[in-house]
Amino acid sequence: MDDDTLTAVLQRAADRRRRFNDRLAAYFDSLTDGANGAGGALETPASSRFTARALDLVRELSLRGGKRLRVVLLYEAAALVTDEPVAGLDEAAISIELLHTHGLVHDDIIDDTPARRGGPSTYYAYLREFPDRPDTALALAVLAGDLAAFLSMRVLLNSGLPPALALAMASVHADVGATTITGQLLDLERDFHPEPSTDLLHAVTEYKSTRYSVLAPLRLGLLAAGADPSEHDGELRRYATALGIANQIHDDWLDLFGDAETLGKSPGSDIRSGRRSYAVRALLAAADESERKLLGAALGDSDGDADTLDRIRGIARAHGIDQSLRAEAERHAREAAALAATWRGRWRPDAVSLFALLPTWTVARDR
């Protein structure tokens, strides 16, 4: 791919993210001011301070950064079919990002994560507001996450799209939402395995993130554009799986080796929570007896300090894990790119170019 094509593809993705952020802000405005928007105003108790605060926190987290990978995939999936405006894409993109917000809120509760996207997690925002009532803070955070989940379905059902299309898109959304919960259950189960297999880690990635972050946007975009995604199910799944694994391995690499300021959160969360990520699995497999003692003491220690994390990074680098993880992520990225390249001649070339380039971008990003 030449430099001009690369520049054009990246610019189009950036434009989609920027326009979507404006649409998402307008959507939250419509929930409270009665303006016409995706789903219309939400009827809430006027006297409830807690309800208004929950909406504020869902809005803040949803608008506070993020890669918007799902959004780009969704719009570009429709662009595989047509370059004309497609009704329902905005609603589908808002719905999938609200489902993501729901996941972030609940993940941060499960992992006891203080920061997210350069600000406090929803759970910790409530803990700061109710320092003497942690049970109330926990309950409010759970409910804020639930609110995001139900709003995500409401967007599609109140979209004004033809009923058959709205129902088909809502069915994709509901299915992937349930699948994501099974992935979260498997994520917790994984950490009962001292050294989980790569196949288990791939399964966690598939169910917890790939299905809603890659496969669902592809299906929703094609549906909105009038195509039947079931006709391409096998190749869509293969592309999604390869891209999802590449993305997750790189996320795990960033969690160990990334910069806190760039990430918007403290690195080492997988170590402190005891999560058996791709990086942690590689560390456990490579470490000698003394190194495993250090790792064993650090895994699950929520108060783990920066010095301990630096020592673990040093162990990882000494065993070449920083390089091997990058190489593995790049291998899966190349697999996804090669799959996308086979779409040329069947689907629109500018959209195919983005799908072919995106895997490389996802393993080169710094946050």
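Here the alpha carbons of region 226-367 define both size measures, Rg and Dmax, at 18.2, 59 Å.
Considering every alpha-carbon pair of the chain, the percent of pairs per 10 Å bin, from zero through the bin containing the longest distance, is 5, 23, 32, 25, 12, 2, 0. Considering only 217, 196, 163, the Gaussian network model of the chain with Cα springs below 10 Å gives its largest mean-square fluctuation to 163. For the pair residue 235 and residue 52, a Förster radius of 51 Å applied to the C-beta separation gives a FRET efficiency near 0.65, rounded to the nearest 0.05. Each 10 Å bin from zero up to the one holding the largest Cα-Cα distance in region 176-227 carries the following percent of pairs: 26, 42, 21, 9, 2.
Spacing of the modelled spin labels on residue 323 and residue 133, each 7 Å from Cα toward Cβ, amounts to 5.6 nm.
The heavy atoms of residue 303 present about 130 square angstrom of accessible area, all protein chains included, probe 1.4 Å. Shape index of region 71-224: Rg/Rh, with Rg the Cα radius of gyration and Rh the Kirkwood radius from the inverse mean 1/r over Cα pairs, equals 1.03. Spin-label pair residue 83-residue 341: with each label point 7 Å from Cα along the Cα-Cβ axis, the two points sit 2.4 nm from one another.
Within the listed set 18, 276, 190, the residue fluctuating most in the Gaussian network model of the chain (springs between alpha-carbon atoms under 10 angstrom) is 18.
What residue among 14, 79, 225 has the largest mean-square fluctuation in a Gaussian network model of the chain, using Cα springs under 10 Å? Between 14, 79, 225, it is 14 that shows the largest mean-square fluctuation. Can you check what the Kirkwood hydrodynamic radius comes to for region 283-351, Cα pairs only, in Å to one decimal? Evaluated on region 283-351, it is 15.0 Å. Reported to the nearest whole Å, the Cα centre-to-centre distance from region 318-367 to region 122-175 is 31. For the set 169, 153, solvent exposure ranked by accessible area (probe 1.4 Å, protein chains only) runs largest to smallest as 153, 169.
The values are calculated or read from the model by the stated rules, or taken from the named source; none is laboratory data. Small disclaimer: the values here were computed from a predicted structure and weren't measured. Using ideal geometry, Cβ is built from the backbone for each residue, glycine included, and neighbour counts are taken over all protein chains shown. Please note that ligands, DNA and RNA were not included when accessible areas were found on the heavy atoms of the full protein model with its side chains. Shrake-Rupley method; radii C 1.70, N 1.55, O 1.52, S 1.80 Å.
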